[in-house]
Amino acid sequence: MQDVYLAMHITAGLPMRSLQGQSWSRKGATIQLSGIIETGSHDWLPYVPIWPGFTVNTLFYAAILWLLIPGPFALRRFIRRLIRQRRGHCPTCGYDRRHGEHEACPECGVTA
């Protein structure tokens, strides 16, 4: 009777698959792991990167972190500049430029 081998290709990652590894077993006993860290009895963690998925995941999670951390501050600065311009003030420092004849702000030198 021939021995039966089981080969498994394991991938992980969200939103795209970004890590991979292989496992070979015979009669229920694992004989070789390639690109996998065994963390428990049947818990495996692949660690060989799949580069397109790894790149997309990195950009995806970086965008989420930017939206959560510096994004609100950038939005607040943008809104503040718009309000200052509508009121006739310098968008950078807030100096009242409604009655001035100069193109550049006398306080900070920015041309608006």
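Do you know which residues across the range 1-25 are surrounded by 15 or more Cβ atoms within 10 Å (Cβ to Cβ) and at pLDDT below 90? Show your work before the answer.
If we filter the range 1-25 for residues that are surrounded by 15 or more Cβ atoms within 10 Å (Cβ to Cβ), which is where we start, we get 10, 12-13, 17-23, 25.
Within the range 1-25, Ser23, Ser25 meet the criteria.
What are the pairs, 6+ residues apart or on separate chains, where a residue within the range 83-101 that is touching a residue at least 12 places away in the same chain (Cβ under 8 Å) has its Cβ under 7 Å from a residue that is part of a helix (DSSP H, G or I)?
Within 7 Å, the pairs are Cys90/Arg84; Pro91/Arg81; Pro91/Arg84; Pro91/Gln85.
What do you reckon, is Leu59 among the hydrophobic types (A, V, I, L, M, F, W, C), in a helix (DSSP H, G or I) and at pLDDT 95 or above?
Taking the combined requirement at face value, the residue satisfies it.
Please work out if Thr55 is among the polar types (S, T, N, Q) and within 30 Å of Gly109 (Cβ to Cβ).
Criteria not met by Thr55.
Just to be sure I understand the filter: pairs with C-beta atoms under 6 Å, separated by 6 or more residues or on different chains, first member in the range 16-32 and over 23 Å from Pro49 (Cα atoms), second member part of a strand (DSSP E or B). Which pairs pass?
Listed pairs, sorted by first residue: Arg26/Tyr5.
Just to be sure before I move on: is Phe78 farther than 30 Å from Ala7 by Cβ, out of contact with any Lys or Arg (no Cβ under 6 Å at 6 or more places or on another chain), part of a helix (DSSP H, G or I) and touching a residue at least 24 places away in the same chain (Cβ under 8 Å) in the structure I sent?
It is false that Phe78 is farther than 30 Å from Ala7 by Cβ, out of contact with any Lys or Arg (no Cβ under 6 Å at 6 or more places or on another chain), part of a helix (DSSP H, G or I) and touching a residue at least 24 places away in the same chain (Cβ under 8 Å).
Tell me, yes or no, whether the range 26-49 has at least one residue that is out of contact with any strand residue (DSSP E or B) (no Cβ under 7 Å at 6 or more places or on another chain), more than 30 Å from Asp3 (Cα to Cα), modelled with pLDDT of 85 or more and surrounded by 12 or more Cβ atoms within 10 Å (Cβ to Cβ).
Residues of the range 26-49 that are out of contact with any strand residue (DSSP E or B) (no Cβ under 7 Å at 6 or more places or on another chain), as a first pass: 27-29, 40-43.
Checking which are more than 30 Å from Asp3 (Cα to Cα) leaves us with none.
No.
The values are calculated or read from the model by the stated rules, or taken from the named source; none is laboratory data. Please read these numbers as outputs of a predicted model, since none were measured by experiment. Here Cβ is always computed from backbone atoms with ideal geometry, including for glycine, and neighbour counts include all displayed protein chains.
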